[in-house]
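Following: one structure in structure tokens, then a few remarks.
Each value in this text was obtained by applying a stated rule to the coordinates, not by laboratory testing. Please read these numbers as outputs of a predicted model, since none were measured by experiment. Note: ideal-geometry Cβ built from the backbone for every residue, glycine included; neighbour counts use all protein chains shown.
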Amino acid sequence: MADVFCAWCRALIGQSPVDHSHGICRDCYQQMRGIPRLSEAELDALPFGVIILDERGTVLAYNKAESDLSGRIRTEVVGRNFFTDVAPCTSVQAFQGGFREFCRGDEPSRTFRFTFHFPTGPIPVQIVFLRMGSEVAVAVQKAIGPPV
Ligand SMILES: [Zn+2]
């Protein structure tokens, strides 16, 4: 049996016979589920990045933590396409492909590791997609541990 850690806060959440099991603890999941109800000011107060996308990938909201991580200014990204205009490094199967699958499917959330390629260098991150009607909240934080 291998220890299973929360992919978001790294708290030990249990044991699994599968070595590389992913999961999010209940506290983190509760916090994430509240994201769709937050105001812009409340999104800005979060300690991790949040990007709200419509199903075409248009950026509807971009919070302060994400702006700090990426070095991009909110007013320059809202209304543009995330995959083609804002973060072209994400227009790959691992991110945009997963996003399309997620939009077509019915999972409430999806968690995966990714590496952003910013002009300042690569940054490994933990990503969570959360469904909010026809829109998707993308939560982002710097990954802990070795890059994948
Ligand atoms: Zn957690």
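Could you work out how far apart the two model spin labels at residue 2 and residue 89 are, taking each label as a point 7 Å from the Cα in the direction of the beta carbon, and quote it in nm?
Placing both labels 7 Å beyond Cα along the Cβ direction yields 2.5 nm.
Quick one: 60, 53, 69, fewest Cβ neighbours within 10 Å first, how do they rank?
Lowest to highest Cβ neighbour count: 60, 69, 53.
All other residues with a Cβ under 13 Å from the Cβ of residue 143 taken together, and with Lys, Arg as +1 and Asp, Glu as -1, what is their net charge?
+3
Below 15 angstrom from the Cβ of residue 33, what's the summed charge of the other residues (Lys, Arg +1; Asp, Glu -1)?
Charge balance near residue 33 sits at 0.
Show me, for the stretch 67-75, the HN-Hα J-couplings you get by feeding each phi into the Karplus relation (A = 6.51, B = -1.76, C = 1.60, θ = phi - 60°), rounded to Hz, glycine and proline as x.
4, 5, 5, 8, x, 9, 8, 3, 5
What is the magnitude of the charge dipole of the chain about its Cα centre, with +1 placed on the Cβ of each Lys and Arg, -1 on the Cβ of each Asp and Glu, and no other charges, expressed in debye to the nearest 20?
80 debye
Net charge within 15 Å of residue 100 by Cβ-Cβ distance, Lys/Arg positive one each and Asp/Glu negative one each, not counting residue 100 itself?
That works out to -2.
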